[in-house]
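A short worksheet on the structure shown next.
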Amino acid sequence: MIASNTIQEILDAAHIEEVVGEYMTLKKAGSGLKGLCPFHGEKTPSFSVSPAKGIYKCFGCGKAGNAVNFVMEHDGLSYPEALRLLAQRYNIQIVEDTNYDVDAQSELAQEKESIMLALQFAEKQFVQNLFQNNTQSKVALAYFKERGLQKNTIKDFALGFATVGWENLITQATESGYNLDIFFKAGLIKKRQSVEENKQSTFFDVFRNRLMFPISNVSGKTVGFGGRIIVPSEKEPKYLNSPDGVVYDKSKLLYGLDLAKNFIKQNDECYLVEGYMDVIMLHQNGFKNVVASAGTSLTEQQVKQIRRFTKNISILFDGDKAGINAAQRAIDVVLENDCNARVVELPEGEDPDSLCKNLGFSGFENYLENNTMTWLDFKKKKFNKNLDDPIHRSKLTSDLLQSIAKINDLVTRGIFAHELAKKMNLDEQMMAQQIRKYRSRVLKIRENPHAEERQEIHLPSDYEHLNKTLITDKKFAQEDYLITSLLYYGKLPYDVDENVSVAKFIQKDLDEEGFEFELPLLKKIYQEVKNQMNKEQILEDRFFIQHPDLEISSYASDKLANKEFYKISNFWWDFAEKKIRVPDENYLADVNNSLYYFKWSKLLKIKLENQEKLENAIDEEQIEQYLLIDHNLSRLQERFAQDHGIVILPDFD
């Protein structure tokens, strides 16, 4: 596992604004930055980043954390994977801790990391195979060159070749000391139904005699492969993709996004194509803001990936019937996910790869400029030949109105409805009524029990707990309040003359009273506070924000983000005659209140537990014992109330 010193080096180097800025557009907002949250759909920015604290928080969905948390959440990585990614980004050499207890890591996180290493190994072998300078590799390399690919392009996309033979990758993996079960889970090998006498392995390679296209996540980590057959065969599919698994989910991946994301952000536009070669050829010719849905119809998750970098999507699908139909389906997915859809109509029989190669940069650029149209014009154009037929005209109108109904923004819906009314010479009121009808259906579909699954980005199970660290159980509210005070003010002075910090005072007070935390997460945090106090350390924010326990760092980031982005409008200052107290003013009042209410809640809990024991007592000795305890607790409660100005209401039961 990664050594703790290396982890700290990574955390120090990974500035939150730089890491988040690579994934989404951020704009200056006061001392921080703001943007549209990448974890849920929104139109008004509620995602805030604090460079000073090194944290982010979305005030819409509540997610918060540091740079590592963000990469984990965004890319669906485990903690070690996110650290390794950031280390690579900041050119930090990974030092392994040989004494690390692997049992402490989650089983799934270990499995994911092992699978990613297996995929990385396979990619390296496929790339080496392509440049072996033998008969097989020459045939494979010739194919890429015939398609017009340059050597640098082949290297940029890590294109490779899976050689002929049933166990070539298995042999390479075994010789390198890998566990074949991991390669099986990675979708690189399969199990034989029966082992023949001349076959030593119970497995065989999935990819054989195929051109290999590594498929990466948005961070550039290989999570799967697409393999194109070299020799056509009726028994084998033209393209073979990795199966969905722990790290590969084709519905959420876009080919080329890792290389295109910065260019998409710079150009504020994304070109969406269908195939691997379309992406590669356009990229080679200077059109680098291009991605492909490769091997699947466009999904909501894929559009949401693009939306993190731009809302403008131009669809460049093949010019054949299948491509046109796919483009029409994709339009609705784009519109429904708050993006702007345009379509580039390609000549029949052409695809982006062939057209770009034939026209070159300037020619293809001119073609895009002259043949890009709104989605409305594209759909209408496909039906123009039969508009005199009332049935056909009605079908087209219904199709267009249903697409308009999927647009969430009211103004945009209205603009397209008005445009359609003019183009089709239709009554706007009638159209508006029909759009409302279709819109009602759209909303009902979203409200079904599975709507949230369709619209939210799902995280691996080893990370899901991080978004459940907020305290929602009221019985732990006072514990939460006290820990929040420790995070906010722990390093500040409680008694200047005695040189006692807030954290030290709280620790001493609780130790004397014997009160403890019950909620496991808060208990862990308080133990860390005590450890720091015993070492005579100052309780710094970064200690908790960068804590290796992800529950602690997520909780602390959320709490500190609330304080960091706490603002009061001028209206409220005027209305309250400036009597509203912001968190740092008179912080000792907050500290004392949180401590008093924590102890008060514990005292009440002990008293109630004792009363329950008294009610269930079966002999006189037990009854006398619990009565005495109850009497002493009542006196303690009264003294506590007098000391802290708490009014005890009489019990009228």
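The values are calculated or read from the model by the stated rules, or taken from the named source; none is laboratory data. If you're wondering where the values come from, they're calculated on a predicted model, not measured in any experiment. Reconstructed Cβ throughout: ideal geometry from the backbone, glycine too, with neighbour counts over all protein chains shown.
Within the group Gln478, Gln537, which residue is in contact (Cβ under 8 Å) with a residue 60 or more places away in the chain and surrounded by 11 or more Cβ atoms within 10 Å (Cβ to Cβ)?
On the way: Gln537 fails: in contact (Cβ under 8 Å) with a residue 60 or more places away in the chain.
When all the criteria are applied, what remains is Gln478.
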Kindly provide the set of residues from the range 414-435 that are assigned to a helix (DSSP H, G or I) and free of Cβ contacts under 8 Å to residues at least 24 places away in the same chain, ordered by number. Gly414, Ile415, Ala417, His418, Ala421, Lys422, Glu428, Gln429, Met430, Ala432, Gln433
Check on Ala341, within 33 Å of the chain's Cα centre (by Cα), among the aliphatic types (A, V, I, L, M) and assigned to a helix (DSSP H, G or I): no
Can you list residue pairs whose Cβ atoms sit under 7 Å apart, with the first residue in the range 612-633 being outside any helix (DSSP H, G or I) and the second being modelled with pLDDT under 70 and surrounded by 10 or more Cβ atoms within 10 Å (Cβ to Cβ)? Count only pairs 6 or more apart in sequence or on different chains. Ala617/Ile623; Ala617/Tyr626
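Give the residues of the range 1-21 that are outside any helix (DSSP H, G or I) and at pLDDT below 85, sorted by residue number. Give the derivation first.
Filtering the range 1-21 down to residues outside any helix (DSSP H, G or I) leaves 1-3, 14-15.
Answer for the range 1-21, where residues must be outside any helix (DSSP H, G or I) and at pLDDT below 85: Met1, Ile2, Ala3.
Out of Lys288, Lys304, I need the residue that is of a type in the set (D, E, K, R) and either in contact with a Leu (Cβ under 8 Å, 6 or more places away or on another chain) or not in a helix (DSSP H, G or I) (or both). Which one? Quick ask: steps written out before the conclusion?
Working: Lys304 fails: either in contact with a Leu (Cβ under 8 Å, 6 or more places away or on another chain) or not in a helix (DSSP H, G or I) (or both).
Among Lys288, Lys304, only Lys288 is of a type in the set (D, E, K, R) and either in contact with a Leu (Cβ under 8 Å, 6 or more places away or on another chain) or not in a helix (DSSP H, G or I) (or both).
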Across the range 408-419, what is the total count of residues that are in contact with a Gly (Cβ under 9 Å, 6 or more places away or on another chain) and buried (at least 18 other Cβ atoms within 10 Å of the Cβ)? 0
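Kindly check whether there is at least one residue in the range 73-88 that is outside any helix (DSSP H, G or I), surrounded by fewer than 16 Cβ atoms within 10 Å (Cβ to Cβ), modelled with pLDDT of 75 or more and outside the structural domain of Val218 (by TED's automatic domain parsing). Spell out how you get there, then give the answer.
Taking the range 73-88 as the starting set, the residues that turn out to be outside any helix (DSSP H, G or I) are 76-78.
With surrounded by fewer than 16 Cβ atoms within 10 Å (Cβ to Cβ) added as a condition, the list becomes none.
No - not one qualifying residue is present in the range 73-88.
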Please pick out the residue among Lys28, Lys34 that is surrounded by fewer than 16 Cβ atoms within 10 Å (Cβ to Cβ), outside any helix (DSSP H, G or I), outside the structural domain of Asn312 (by TED's automatic domain parsing) and out of contact with any helix residue (DSSP H, G or I) (no Cβ under 8 Å at 6 or more places or on another chain). Lys28
In the range 511-529, which residue that is of a type outside the set (D, E, K, R) and in contact with a Lys or Arg (Cβ under 8 Å, 6 or more places away or on another chain) is farthest from Ile552 (Cα to Cα)? Phe515
It is to be established whether one or more residues within the range 387-400 are surrounded by 13 or more Cβ atoms within 10 Å (Cβ to Cβ) and polar (S, T, N, Q). yes
Take the residues in the range 491-512 that are of a type outside the set (A, V, I, L, M) and touching a helix residue (DSSP H, G or I) at 6+ places or on another chain (Cβ under 6 Å), then tell me which one is surrounded by the fewest Cβ atoms within 10 Å (Cβ to Cβ). Gln507
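Find the strands (runs of 3 or more DSSP E) located wholly in the range 148-252 whose residues include 2 or more that are surrounded by 17 or more Cβ atoms within 10 Å (Cβ to Cβ), and list them. I'd like the intermediate steps shown before the answer.
Values: elements: 160-162, 189-191, 203-205, 210-216, 222-229, 239-241.
Strands (runs of 3 or more DSSP E) meeting the threshold: 160-162, 203-205, 210-216, 222-229, 239-241.
What do you reckon, is Leu259 aliphatic (A, V, I, L, M) and either buried (at least 22 other Cβ atoms within 10 Å of the Cβ) or in the same structural domain as Pro214 (by TED's automatic domain parsing) (or both)? Explain how you work it out, then say what you get.
Values: aliphatic (A, V, I, L, M): yes; either buried (at least 22 other Cβ atoms within 10 Å of the Cβ) or in the same structural domain as Pro214 (by TED's automatic domain parsing) (or both): no.
The answer is no for Leu259.
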Please determine whether any residue of the range 330-345 is small (Gly, Ala, Ser) and touching a helix residue (DSSP H, G or I) at 6+ places or on another chain (Cβ under 7 Å). yes
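Would you check which residues across the range 306-338 are among the charged types (D, E, K, R) and within 24 Å of the chain's Cα centre (by Cα) and list them? Show your work before the answer.
Keep residues of the range 306-338 that are among the charged types (D, E, K, R), which gives 307-308, 311, 318, 320-321, 329, 332, 336, 338.
Result: Arg307, Arg308, Lys311, Asp332, Glu336, Asp338.
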Check whether at least one residue in the range 263-273 is surrounded by 24 or more Cβ atoms within 10 Å (Cβ to Cβ) and part of a helix (DSSP H, G or I), and report yes or no. no
Residue check, Ala405 against (1) buried (at least 17 other Cβ atoms within 10 Å of the Cβ); (2) outside the structural domain of Tyr438 (by TED's automatic domain parsing); (3) modelled with pLDDT of 90 or more, all met but one. Which one? (2)
Considering residues that are in a helix (DSSP H, G or I) and farther than 14 Å from His283 by Cα, the number found within the range 345-358 is 1
